[in-house]
Amino acid sequence: MTTASPPAERLPVYACAETHLKAAQLFDGWPREGRVLELAAGSGAFAQRLAQLGFSVEACDLYPEQFRAPGIPVKFADLSETLPYDDASFDILSCLEGVEHLEDQFAFVRECWRILRPGGRLLFSTPNILGLASRWRYFWTGFFPLATRPMNEQQRAPVHDHIHLITYYELRYILRTTGFTIEQVTTDRIRKYGLLHGWAYPLVRLATRLALRQEPDAVQRRANEEIARHMLSPALLFGRTLMVVAGKPA
């Protein structure tokens, strides 16, 4: 384990600044107890913000030499591999704009489950590709925002592109089948461009409801009601970023 060297006055923010702001607002409502781990921490801008909020923060990244938040321990960690922490080590995990870069999202979520204590929670953020503006772009081009052209096939590992953009219901499936409960689904901001597609809402609502009703399993049909509420919420229809808070049952 290494400790970061003194930073510049303003650390680079590799996620959207509004994502950091919304994530900090979520954290601000949680108890300042136990250990917090910031995964894929980058320069340490968000880890530093959590420390300023009074949390006991640690960090890990593929390039820990870029981490510059003072006084916060940082480790090397490849999120595609076993994380360098013991079982049930942390009370809160945060991974902002990281999961879409991973080859095996199932394995990563299982690692999060392993190192999270019972009763703990995690926060993920990732580009919201279920937004109406994203769907419209995909209809015309076959590409989503933030992945607007084919990835460079000449690039070798480690890959930093958005290789696995993920929908809410896919991320939810990974979390739920690992054992997590879904506590909150939100966004960092509403996209004005997305609101221009609000005319499609009645059709999207009808089509979504009809699709979910095809589920033959009665228990899953009840789960689909919650999925529909989330998918048809303003946060997912018009939000820029998908933000999901999940809990590990005590």
- Of residues in segment 163-193 being assigned to a helix (DSSP H, G or I) and of a type in the set (Lys, Arg), the one farthest from Glu111 (Cα to Cα): Lys192
- Message: I need every pair where a residue in segment 166-180 that is among the hydroxyl-bearing types (Ser, Thr, Tyr) has its Cβ under 7 Å from the Cβ of a residue that is not in a helix (DSSP H, G or I), sequence separation at least 6 or different chains.
- Response: Thr167/Ile129; Thr167/Leu130; Tyr168/Leu130; Tyr168/Val185; Tyr168/Leu242
- Query: Name the residues in segment 36-62 that are surrounded by fewer than 23 Cβ atoms within 10 Å (Cβ to Cβ) and among the acidic types (Asp, Glu), would you?
  - Reply: Glu58
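Every residue, every condition in (1) assigned to a helix (DSSP H, G or I); (2) of a type in the set (D, E, K, R), yes or no:
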site	(1), (2)
His20	yes, no
Arg32	no, yes
Glu38	no, yes
Leu50	yes, no
Ala88	no, no
Leu93	no, no
- Message: Out of everything in segment 95-128 that is part of a loop (DSSP other than H, G, I, E, B) and not charged (D, E, K, R), what residue ends up being nearest to Asp188 (Cα to Cα)?
- Response: Asn128
- Give segment 224-249 a look and list any residue that's in a loop (DSSP other than H, G, I, E, B) and in contact with an Asp or Glu (Cβ under 9 Å, 6 or more places away or on another chain), or say none. Arg240
- Query: Just checking, how many residues over segment 52-69 are part of a loop (DSSP other than H, G, I, E, B) and either touching a Pro at 6+ places or on another chain (Cβ under 7 Å) or closer than 26 Å to Arg189 by Cβ (or both)?
  - Reply: 6
- Task: Test Val74 against the criterion of being β-branched (Val, Ile, Thr), farther than 18 Å from Glu183 by Cα and either surrounded by fewer than 16 Cβ atoms within 10 Å (Cβ to Cβ) or at pLDDT 95 or above (or both), and give yes or no.
- Result: yes
- Message: From the list Glu215, Glu225, Glu170, exactly one residue is under 17 Å from Glu100 (Cβ atoms) and acidic (Asp, Glu). Which is it?
- Response: Glu170
- Name the single residue, out of those in segment 131-162 being closer than 30 Å to Glu226 by Cα, part of a loop (DSSP other than H, G, I, E, B) and touching a strand residue (DSSP E or B) at 6+ places or on another chain (Cβ under 8 Å), that is modelled with the highest pLDDT. Gly131
- Query: Is there any pair with a first residue in segment 99-112 that is modelled with pLDDT of 95 or more and a second that is hydroxyl-bearing (Ser, Thr, Tyr) whose Cβ atoms are under 6 Å apart and which are 6 or more apart or on different chains, and what are they?
  - Reply: Val109/Thr178; Arg110/Thr178
- Task: Return yes when Gly179 is closer than 25 Å to Ala77 by Cβ and among the small types (Gly, Ala, Ser) and no when it is not.
- Result: yes
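The values are calculated or read from the model by the stated rules, or taken from the named source; none is laboratory data. Please read all numbers here as calculations on a predicted model, not as lab measurements. Positions of Cβ are backbone-derived with ideal geometry, glycine not excepted, and every protein chain shown enters the neighbour counts.
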